[in-house]
Amino acid sequence: MTEDLLARRARLMGPEVPTFYRNPLHLVKGEGVWLWDKAGKRYLDCYNNVPHVGHSHPKVVEAITAQALTLNTHSRYLHEGVLDYIERLGATFRHETTQAIMVCTGSEANDLALRMAQAVNGKTGIIATDNTYHGNSALTSGLSSRRPPVGGYPQNIIRVPAPDSLAPVGGSREGQAQAFAAHVKAAIAELETRGFGFSSLILCPLFANEGLPCVKKGFLDPTVAAVRAAGGVIICDEVQPGFGRAGEAFWGHEVLGFAPDIVTLGKPMGNGHPIGAVFARPDVMRAFREVFAYFNTFGGNPVSAAAAMAVLDVMEEEGLQQNAREVGAYTLDGLRSLSHPWIAEARGQGLFFGLEFLTPEGAPATAFVADVIEAMLERGVILNNIGRNRNTLKMRPPMPFTRENADMLIAALQDALNSTPVRA
Ligand code: PMP
């Protein structure tokens, strides 16, 4: 059956369509933190942030159904739904990013944000980290680390070394904030020399794709000062850390304590329904509207707005940010209690965790981590890897994750670590 589907995918979608796992999963059902495959096997989902309030949450399904039965139109008719949503979500920011353009994906949100920044200062130079992912559009894929676009990386983009927990920029954790800022300053100067000028710095505030390094409040202060001094715009990609996942704060940038000019949103926003957004300060929005006549057919349509609103309702009703804080701390304690000679660091923020492995020689244990992911799948737990060398296990479960779920994850991990032969 799996072979049939793989063969059909190759025939109908072409080669190299990405899948997870050596034997890709064929999922047929989801509920809360659980997933089921075609054979009826149940998995604890410790990886997916898209089903933010839980797979197939009935409240979100009902909201989508009710609105779809009533009306769905494109975004150039008037409707309260999108306005109510922007008003409600805008109130969660501690700064003035209160106006929004609704889109359908994180890629679109970032693409739009980068163009907003260009409208603000008339420059085109962009800075991102060298191990990030911000999307699949022509502009955002130029920031992506995996494969350079045809013709190489665009000259108006400079990728600075990403923060790292165990191999910090500048050589020490204490000096990493200043060293990172120094790279950003040098990149700003280089963009001026190249004639593009410096427009924006885009980053995920928790550096999720970079490996979720330990970065604390104030980490970006010297960088933010350098960007502001150069007249640049700070774009915060909250596609992964946003919507309460960070536990102690609703937004990742609050954890670090800085105020971005533009915030981009996606994945968890509609619990699987495709919706994203760009929130910006009114002056940023005005500058953008003076330059671009942007509209998005599906962005913020009545059904999408209803789905996104239901996600906020469920978060409040079920206390999910609080849950992320409490169960997150409990899970991190569990990860820190694991025993294996190759564990280099267990780290986390709310319900978002990284477990990094190095060989005794200090090399990234990439192959071992790949084997552990497969061993976990056998044990009915879904997780994945992150970081430059893919030697960090990534865990980012749906928000209703419980202590019992955490106990199952930790027990399965210890068992998988005990029985997976070490290899670098
Ligand atoms: N930003 C970040 C940080 C992401 O991780 C992703 C997707 N993994 C995106 C943007 C792109 O979002 P989408 O796939 O919805 O376009």
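The values are calculated or read from the model by the stated rules, or taken from the named source; none is laboratory data. The structure presented is a predicted model; accordingly, all values stated were derived computationally and were not measured. All Cβ positions, even for glycine, are placed from backbone atoms using ideal geometry, and neighbour counts span all protein chains on display. Protein only, heavy atoms only, side chains kept; ligands, DNA and RNA dropped before computing areas. Shrake-Rupley method; radii C 1.70, N 1.55, O 1.52, S 1.80 Å.
Only one residue in Lys217, Lys185 is of a type in the set (D, E, K, R), away from the ligand (no atom under 16 Å from the Cβ), open to solvent by 10 Å² or more (accessible area, probe 1.4 Å) and in a loop (DSSP other than H, G, I, E, B). Which one? First the steps, then the outcome.
Values: Lys185 fails: in a loop (DSSP other than H, G, I, E, B).
Unique residue meeting the criteria: Lys217.
Condition check: closer than 17 Å to Cys104 by Cβ and either of a type in the set (Val, Ile, Thr) or open to solvent by 10 Å² or more (accessible area, probe 1.4 Å) (or both). Does Pro282 satisfy that?
Details: closer than 17 Å to Cys104 by Cβ: no; either of a type in the set (Val, Ile, Thr) or open to solvent by 10 Å² or more (accessible area, probe 1.4 Å) (or both): yes.
No: the conditions fail for Pro282.
If we keep just the residues of segment 387-413 that are within 29 Å of Asp313 (Cβ to Cβ) and aliphatic (A, V, I, L, M), which is surrounded by the most Cβ atoms within 10 Å (Cβ to Cβ)?
Looking at residues that are within 29 Å of Asp313 (Cβ to Cβ) and aliphatic (A, V, I, L, M), I get Met399.
Return yes when Gly247 is more than 10 Å from the ligand (Cβ to nearest atom), open to solvent by less than 10 Å² (accessible area, probe 1.4 Å), not in a strand (DSSP E or B) and not polar (S, T, N, Q) and no when it is not. Spell out the reasoning first.
Values: more than 10 Å from the ligand (Cβ to nearest atom): yes; open to solvent by less than 10 Å² (accessible area, probe 1.4 Å): yes; not in a strand (DSSP E or B): yes; not polar (S, T, N, Q): yes.
Judged against the criteria, Gly247 is a match.
If you check Glu356, Glu374, Glu404, which single one turns out to be free of Cβ contacts under 8 Å to residues at least 60 places away in the same chain and on the phi < 0 side of the Ramachandran plot? Steps first, please.
On the way: Glu356 fails: free of Cβ contacts under 8 Å to residues at least 60 places away in the same chain; Glu374 fails: free of Cβ contacts under 8 Å to residues at least 60 places away in the same chain.
Testing whether each residue is free of Cβ contacts under 8 Å to residues at least 60 places away in the same chain and on the phi < 0 side of the Ramachandran plot leaves just Glu404.
Has segment 392-407 got any residue that is out of contact with any Leu (no Cβ under 7 Å at 6 or more places or on another chain) and under 30 Å from Asn72 (Cα atoms)?
yes
Can you name the residue in segment 129-157 that is open to solvent by less than 70 Å² (accessible area, probe 1.4 Å) and over 21 Å from the mean Cα position of the chain (by Cα) and, of all such residues, is nearest to the ligand (Cβ to nearest atom)? Steps first, please.
Step one: list which residues in segment 129-157 are open to solvent by less than 70 Å² (accessible area, probe 1.4 Å), which gives 129-132, 134-135, 137, 139-145, 149, 152-154, 156-157.
Narrowing the set further to residues that are over 21 Å from the mean Cα position of the chain (by Cα) leaves 149, 152-154, 156.
Details: Pro149: 16, Gly152: 22, Tyr153: 18, Pro154: 18, Asn156: 19 Å.
Looking at the filtered set, the residue picked out is Pro149.
Without any contact (Cβ under 8 Å) to a residue 60 or more places away in the chain and in contact with a Leu (Cβ under 9 Å, 6 or more places away or on another chain): which single residue out of Gly319, Gly348, Gly328, Gly362 fits that description?
Values: Gly319 fails: in contact with a Leu (Cβ under 9 Å, 6 or more places away or on another chain); Gly348 fails: without any contact (Cβ under 8 Å) to a residue 60 or more places away in the chain; Gly328 fails: without any contact (Cβ under 8 Å) to a residue 60 or more places away in the chain.
Every option except Gly362 fails the conditions.
Take the residues of segment 191-207 that are assigned to a helix (DSSP H, G or I) and over 14 Å from Ala128 (Cβ atoms): which is nearest to the ligand (Cβ to nearest atom)?
Keep residues of segment 191-207 that are assigned to a helix (DSSP H, G or I), which gives 191-194.
If we keep only those that are over 14 Å from Ala128 (Cβ atoms) as well, we get 192-194.
On the way: Glu192: 27, Thr193: 29, Arg194: 25 Å.
If we take residues in segment 191-207 being assigned to a helix (DSSP H, G or I) and over 14 Å from Ala128 (Cβ atoms), then Arg194 is nearest to the ligand (Cβ to nearest atom).
In segment 64-81, which residues are part of a helix (DSSP H, G or I), open to solvent by 30 Å² or more (accessible area, probe 1.4 Å) and not polar (S, T, N, Q)?
Listed by number, the residues that qualify are Ile64, Ala66, Ala68, Leu69, Glu80.
Considering only segment 42-55, how many residues are farther than 19 Å from Arg245 by Cβ and surrounded by 13 or more Cβ atoms within 10 Å (Cβ to Cβ)? Reasoning before the result, please.
Start the filter on segment 42-55 by keeping residues that are farther than 19 Å from Arg245 by Cβ, which leaves 42-43.
Still in the list and also surrounded by 13 or more Cβ atoms within 10 Å (Cβ to Cβ): 43.
The total comes to 1.
Can you find even one residue in segment 109-126 that is without any contact (Cβ under 8 Å) to a residue 40 or more places away in the chain and under 23 Å from the mean Cα position of the chain (by Cα)?
yes
Is it the case, given these coordinates, that Asn110 is assigned to a loop (DSSP other than H, G, I, E, B), open to solvent by less than 70 Å² (accessible area, probe 1.4 Å) and within 16 Å of the ligand (Cβ to nearest atom)? Working first, answer last.
On the way: assigned to a loop (DSSP other than H, G, I, E, B): no; open to solvent by less than 70 Å² (accessible area, probe 1.4 Å): yes; within 16 Å of the ligand (Cβ to nearest atom): yes.
Criteria not met by Asn110.
Look at segment 82-105 and say how many of its residues are farther than 27 Å from Arg396 by Cα, open to solvent by 50 Å² or more (accessible area, probe 1.4 Å) and not in a loop (DSSP other than H, G, I, E, B).
4
Out of (1) without any contact (Cβ under 8 Å) to a residue 60 or more places away in the chain; (2) in contact with a strand residue (DSSP E or B) (Cβ under 9 Å, 6 or more places away or on another chain); (3) assigned to a loop (DSSP other than H, G, I, E, B); (4) not charged (D, E, K, R), what's the single condition that is false for His340?
Among (1) without any contact (Cβ under 8 Å) to a residue 60 or more places away in the chain; (2) in contact with a strand residue (DSSP E or B) (Cβ under 9 Å, 6 or more places away or on another chain); (3) assigned to a loop (DSSP other than H, G, I, E, B); (4) not charged (D, E, K, R), the lone unmet condition for His340 is (1).
Restricting attention to segment 119-127, does a residue exist that is within 16 Å of the ligand (Cβ to nearest atom), under 17 Å from Phe292 (Cα atoms) and touching a Phe, Trp or Tyr at 6+ places or on another chain (Cβ under 8 Å)? Don't jump to the end; show me each part of the working.
Keep residues of segment 119-127 that are within 16 Å of the ligand (Cβ to nearest atom), which gives 126-127.
Checking the rest, the ones that are also under 17 Å from Phe292 (Cα atoms) come to none.
No; the residues of segment 119-127 include none that is within 16 Å of the ligand (Cβ to nearest atom), under 17 Å from Phe292 (Cα atoms) and touching a Phe, Trp or Tyr at 6+ places or on another chain (Cβ under 8 Å).
Can you say whether Ala277 is open to solvent by less than 40 Å² (accessible area, probe 1.4 Å), touching a residue at least 12 places away in the same chain (Cβ under 8 Å) and closer than 15 Å to Leu114 by Cα, as far as the supplied structure shows?
On the way: open to solvent by less than 40 Å² (accessible area, probe 1.4 Å): yes; touching a residue at least 12 places away in the same chain (Cβ under 8 Å): yes; closer than 15 Å to Leu114 by Cα: yes.
It is true that Ala277 is open to solvent by less than 40 Å² (accessible area, probe 1.4 Å), touching a residue at least 12 places away in the same chain (Cβ under 8 Å) and closer than 15 Å to Leu114 by Cα.
State which residue is least open to solvent (accessible area, probe 1.4 Å) when the search covers only segment 168-182 and only residues that are farther than 19 Å from Ala225 by Cα and over 22 Å from the mean Cα position of the chain (by Cα).
Ser172
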